[in-house]
Amino acid sequence: MKLAGAFMDFPTAWPHVHSLFAALCVVAAVYKLAILVVRNKAVHRHVEAFPGPPAHWLFGHVLQFKQDGTDFDKVVKWGEQYPYAFPMWFGPSICILNIHHPDYVKTILASTEPKDDFVYRFIESWIGHGLLVSSGQKWFRHRRLLTPGFHYDVLKPYVQLMSQSAKTMLDKWESYATTKEALELFEHVSLMTLDSIMKCAFSCNSNCETEGGTNTYIKAVYELSNLIDIRMRTFPYHSDLIFYLSPHGFRYRKACKVAHSHTKEVIRKRREALKEETEHGRLQSKRYLDFLDILLFARDEKQQGLSDEDIRAEVDTFMFEGHDTTASGISYILYCLACHPEHQKICRDEIIEALDGKDSMEWEDLSRIPYTTMCIKEALRLYPPVPGMSRKTTKPITFFDGRTLPAGFHIGTSVFAVHRNAAVWENPDVFDPLRFLPENVSKRSPHAYVPFSAGPRNCIGQTFAMNEMKVVTALTLKRYQLIEDPSLKPKMIPRLVLRSLNGIHIKIKPVES
């Protein structure tokens, strides 16, 4: 009877339970809002010494970035109004101090402060805890174990492989040379740099340049970069749960699966090949050790190697950074040379003389094209492949002018704004390769030009990237004349890697013999 009575009372009790649940939700929401308000006030207090552009109380500066090709101009303009640094808000409580002057850049990049846990945590599920995002002893150990993979003895044989990939791409451009149709660079160059990284770092012939159709890995990388940017700019997506349940989260996991499958297959094939070579005693006869070999054989002083998870993370990191950043760099280099035919001609004459009739580049040729190298550096100044990077302070930090920030603060280096800072560069928007003459470089702060970052956490693969840029630029100019298409100027958009909303277009024609 008591049980029956309890069931009879349940319907009348249910509204009270419902009301209690609703009340708890309200309390939780108020509690969260209170924490947000307290945190917002604390952050505002910390950045009082750093004036900046007005921000919306809820959205911060997010709505001011239109994703229409003008966002970088806005950051540079703000940099002119607020010298050295200014706060940028992403939502009501996430604030990044955006720095854009060499004296400030030096303070943060000369330190070993870790990458921040705001932007970079969004990419951890993709590239794991490789060199790009790891910190502390793990980062130090991995950096030490991976450094031999970028010794010039390892990099030397890569030059011919890069030449092969470049020539395949240039062969495909014959149709554009004859029809004078506009050529979208980024798509072609991405395939070429992926093919190159597969050959060089992983001894794998991908055939991705000739297989036809859109490469699934490159498509996945583009999708992931876009979704990470959307997540950063969308305050509710900062919650892992909300992003996971969203349509964007579904697309992100799908693209991650494609990228990880690609990486796992590369590692699997190499393990099988190494096992076979070891069994047949042929390992020593291999022409050279590549990046993946060095990852698999790496041992520290305790004879401990990298775990399978660590190897996958480093391969994912190098696969992404080794092809996507160089693809952006090369595309904008060729675009700059198309826009400045007078510099293009000087480069071409220098390249033809250096190659002396050869149709491919060799290691020794890389040092014989100084003017071309200056043009490459100037293009990287105007169009840095990685337009920004950020750190999180682990201790209070004081800048040269006495202004300070506490531990736990996000600091973003706007590489794009540093490279276009009118207080540092005369006529910053003008393409002038002579800025990189030795006597001019010596007059500038080394932190005025940081396309590969600087300090202890600089890009470990920068020599690899510069070599590839030299090879592709040289072989392209030897074969084709690059022509600007004024009707198709790139609209730059901030992503993990500098991209263009409407692609990067030029026209080409064969070089007259």
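Which residue is nearest to Arg121 (Cα to Cα), if the candidates are limited to segment 215-244 and must be open to solvent by less than 70 Å² (accessible area, probe 1.4 Å) and among the β-branched types (Val, Ile, Thr)?
Among those that are open to solvent by less than 70 Å² (accessible area, probe 1.4 Å) and among the β-branched types (Val, Ile, Thr), it is Ile228.
For segment 468-494, enumerate the residues that are within 18 Å of the chain's Cα centre (by Cα) and under 23 Å from Ala201 (Cβ atoms).
Glu468, Met469
Report yes if Ser442 is more than 30 Å from Ala110 (Cα to Cα), polar (S, T, N, Q) and over 25 Å from the mean Cα position of the chain (by Cα), otherwise no. Please lay out each step first, then the result.
Numbers: more than 30 Å from Ala110 (Cα to Cα): no; polar (S, T, N, Q): yes; over 25 Å from the mean Cα position of the chain (by Cα): yes.
Answer is no for this residue.
Among the helices (runs of 4 or more DSSP H) lying completely within segment 119-195, list those that include at least 1 residues that are among the β-branched types (Val, Ile, Thr) and either at pLDDT below 95 or surrounded by fewer than 20 Cβ atoms within 10 Å (Cβ to Cβ) (or both).
Result: 124-127, 152-155, 158-172, 174-179.
All but one of (1) at positive phi; (2) touching a strand residue (DSSP E or B) at 6+ places or on another chain (Cβ under 6 Å) hold for Gly128, so report the exception by its number.
Evaluating Gly128 over (1) at positive phi; (2) touching a strand residue (DSSP E or B) at 6+ places or on another chain (Cβ under 6 Å) leaves (2) as the failure.
Read through the list (1) open to solvent by 10 Å² or more (accessible area, probe 1.4 Å); (2) touching a Pro at 6+ places or on another chain (Cβ under 9 Å); (3) at pLDDT below 95, then give the number of the only condition that Ser513 fails.
(2)
Just one of the numbered conditions (1) part of a helix (DSSP H, G or I); (2) small (Gly, Ala, Ser); (3) at pLDDT below 95 is not true of Ala407; which one?
For Ala407, the exception is condition (1).
Might you check whether a residue that is closer than 22 Å to Arg391 by Cβ and either more than 22 Å from the chain's Cα centre (by Cα) or modelled with pLDDT of 95 or more (or both) occurs anywhere in segment 30-39?
Looking through segment 30-39, at least one residue is closer than 22 Å to Arg391 by Cβ and either more than 22 Å from the chain's Cα centre (by Cα) or modelled with pLDDT of 95 or more (or both).
Go through segment 423-463 and report how many residues are over 12 Å from Glu378 (Cβ atoms), part of a loop (DSSP other than H, G, I, E, B) and open to solvent by less than 30 Å² (accessible area, probe 1.4 Å).
Of the residues in segment 423-463, 3 are over 12 Å from Glu378 (Cβ atoms), part of a loop (DSSP other than H, G, I, E, B) and open to solvent by less than 30 Å² (accessible area, probe 1.4 Å).
Filter segment 467-490 for residues that are closer than 30 Å to Ser135 by Cα and either surrounded by fewer than 21 Cβ atoms within 10 Å (Cβ to Cβ) or of a type in the set (Asp, Glu) (or both) and give the result. Outline the logic, then answer.
At the first step, the residues of segment 467-490 found to be closer than 30 Å to Ser135 by Cα are 467-469.
The one that is closer than 30 Å to Ser135 by Cα and either surrounded by fewer than 21 Cβ atoms within 10 Å (Cβ to Cβ) or of a type in the set (Asp, Glu) (or both): Glu468.
Looking at Leu224 and the list (1) under 13 Å from His323 (Cα atoms); (2) within 18 Å of the chain's Cα centre (by Cα); (3) not hydroxyl-bearing (Ser, Thr, Tyr), which single condition is not satisfied?
With (1) under 13 Å from His323 (Cα atoms); (2) within 18 Å of the chain's Cα centre (by Cα); (3) not hydroxyl-bearing (Ser, Thr, Tyr) applied to Leu224, the lone miss is (1).
The values are calculated or read from the model by the stated rules, or taken from the named source; none is laboratory data. What you see is a predicted model; the values in this text were computed from it and never measured. So basically every Cβ, Gly included, is an ideal-geometry build from the backbone, and we count neighbours across all protein chains shown. To get the accessible areas, we keep the full protein, side chains included, count just its heavy atoms, and leave off ligands, DNA and RNA. Shrake-Rupley method; radii C 1.70, N 1.55, O 1.52, S 1.80 Å.
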